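Structure first, commentary second.
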Amino acid sequence: MSAAPLVKGWCPGALRPMPSGDGLVVRVRAHGGRLTQAQARGLADLAARHGNGLIDLSARANLQLRGIRDHAAVLTELATLGLIDSDQAIEARRNLLVSPFWRQGDGTQDLACELEQALATSDLALPGKFGFALECGETPVLRHASADIRIEKAGETYLLLADGARLAAPATRDSVVPEAIHLARWFLETGGAQDGRGRMREHLARGATLPPHFTLPAICATETAPGPAITPAGALVALPFGQTDSHTLATLADLAPLRLTPWRMLLLEGLGTMPDLPGIITAPTDPLLRVTACSGAPGCAQALAPVRDLARQLAPSVPEGAMLHVSGCAKGCAHPAAADITLVARGQDFALGYGCTAKDTPDNAFTPAQLLADPTLLMTRN
Ligand code: SF4
């Protein structure tokens, strides 16, 4: 049996890149979840000149440049693009997810800017994966995305939510950002973080009791990730496996400013028609939307096999409405939750499970050749 995957407990940043199987991964946190056209073009150019040309869109709506060789040169150019923080601690705290569906004048971007500044000037030593989500639409769309403290709008007022809690706290436009910072401080002061790790949901599950002003029922949100569509805010397009290349990114940047999403999708701001380009998914029925796969080998040093080609070839065999997760190891980075069908690399073969996560996939295995020769094996429960 292979060794347990290494859990790092922190996310890479631009100032703190993470070594990977294909060089350094440099993660860029766009302010307010938006890249101007000049910033997006600049990142595409950086990825081509200093990396291997591949760019990931992470589940926290950040862009990752892969295979970076000259980190110092990248930092200099990111600074010119306005995409870098003044130090590592600020970068780590500025972990903010913004709904891509904001509309001009709805206050979302102002609030995002205010929250980013409040985080930058605070002294909070939050765990590396601790994050915030912000949305001002009528129906929350980020509830399934990773965040510990959520700001939502309810009519003319705001709600502050602690991830995992059923009750929310009311707030006003003026109080919501200080209240969010206060909640993060409460998390730390009540023992939510240990050894630089900890999440709100786990803290509450261990019995932590929220402050008494958390009294309002949180609006129920059932929506999961949307599909490619023309939305009032622009054209929402998907990236296969959440990855694109420098050429495609540059082409998209020529069309519109880009809003980053946690759903492996980009929103082309203000665009009212779907772009006709290779390398993006524009049809909600595309089979590639039914599969998810991590970097696998050789991109990830922990991977026990390549995964994306297998996932791509198996995609047409995945029934509509189902999700296949192909993981390079038991860590399950691409889809930590349970999937309808899960394949986990073990070396020569892949363990197959149903309704489970990559961590608890049963010991029922097939080689890639067997699966490709007979994809119905995917649907064959023992
Ligand atoms: S799940 Fe994939 S990306 Fe994550 S550590 Fe394992 S092989 Fe690497």
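The values are calculated or read from the model by the stated rules, or taken from the named source; none is laboratory data. Since we're looking at a predicted model, the values are computed, not measured. Every residue, glycine among them, receives a Cβ derived from its backbone with ideal geometry; neighbour counts consider all protein chains shown. Areas reflect the complete protein model, heavy atoms only, side chains present, ligands, DNA and RNA absent. Shrake-Rupley method; radii C 1.70, N 1.55, O 1.52, S 1.80 Å.
Below are the figures for this structure:
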quantity	calculated
Residue satisfying condition, being out of contact with any Pro (no Cβ under 9 Å at 6 or more places or on another chain), open to solvent by less than 50 Å² (accessible area, probe 1.4 Å) and away from the ligand (no atom under 16 Å from the Cβ), within set PRO275, PRO287	PRO275
Single residue of the range 292-306 satisfying the filter (more than 9 Å from the ligand (Cβ to nearest atom) and open to solvent by 40 Å² or more (accessible area, probe 1.4 Å)) that is farthest from LEU378 (Cα to Cα)	PRO298
Search result, residues across the range 118-137 that are within 22 Å of the chain's Cα centre (by Cα) and charged (D, E, K, R)	LYS129, GLU135
Only listed residue being more than 20 Å from the chain's Cα centre (by Cα), more than 16 Å from the ligand (Cβ to nearest atom) and open to solvent by 40 Å² or more (accessible area, probe 1.4 Å), chosen from ASP254, ASP309	ASP254
Residue that is farthest from VAL291 (Cα to Cα) [pool: residues in the range 325-341 that are among the hydrophobic types (A, V, I, L, M, F, W, C) and more than 6 Å from the ligand (Cβ to nearest atom)]	ALA330
Members of the range 331-349 that are farther than 19 Å from PRO287 by Cβ, modelled with pLDDT under 95 and surrounded by 22 or more Cβ atoms within 10 Å (Cβ to Cβ)	GLY332
Residues of the range 233-253 satisfying the condition of being closer than 16 Å to VAL291 by Cα and part of a helix (DSSP H, G or I)	PRO240, PHE241, GLY242
Long-range neighbours under 6 Å by Cβ, at least six apart or interchain, first residue assigned to a strand (DSSP E or B) within the range 183-198, second surrounded by fewer than 20 Cβ atoms within 10 Å (Cβ to Cβ)	ARG197/GLY9
Subset of the range 137-149 [open to solvent by 10 Å² or more (accessible area, probe 1.4 Å) and charged (D, E, K, R)]	GLU138, ARG143
Subset of the range 117-126 (residues that are buried (at least 21 other Cβ atoms within 10 Å of the Cβ) and over 18 Å from LEU210 (Cβ atoms))	LEU119
Cβ-Cβ under 7 Å pairs, at least 6 apart or on other chains, the range 282-296 side touching a residue at least 24 places away in the same chain (Cβ under 8 Å), far side open to solvent by 30 Å² or more (accessible area, probe 1.4 Å) and within 11 Å of the ligand (Cβ to nearest atom)	THR292/HIS335; ALA293/ARG308; CYS294/CYS300; CYS294/CYS333; GLY296/PRO306; GLY296/ARG308
The range 331-347: number of residues that are in contact with a Leu (Cβ under 9 Å, 6 or more places away or on another chain), in contact (Cβ under 8 Å) with a residue 40 or more places away in the chain and either in a loop (DSSP other than H, G, I, E, B) or among the hydroxyl-bearing types (Ser, Thr, Tyr) (or both)	3
Verdict on GLY105 being open to solvent by 20 Å² or more (accessible area, probe 1.4 Å) and closer than 30 Å to LEU271 by Cβ	yes
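Per-residue answers, yes or no, for (1) of a type outside the set (S, T, N, Q); (2) modelled with pLDDT of 90 or more; (3) in a loop (DSSP other than H, G, I, E, B); (4) over 23 Å from the mean Cα position of the chain (by Cα):
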| site | (1), (2), (3), (4) |
| --- | --- |
| THR285 | no, yes, yes, no |
| ALA297 | yes, yes, yes, no |
| ALA303 | yes, yes, yes, no |
| ALA351 | yes, yes, no, yes |
| PRO362 | yes, no, yes, yes |
| LEU371 | yes, yes, no, yes |
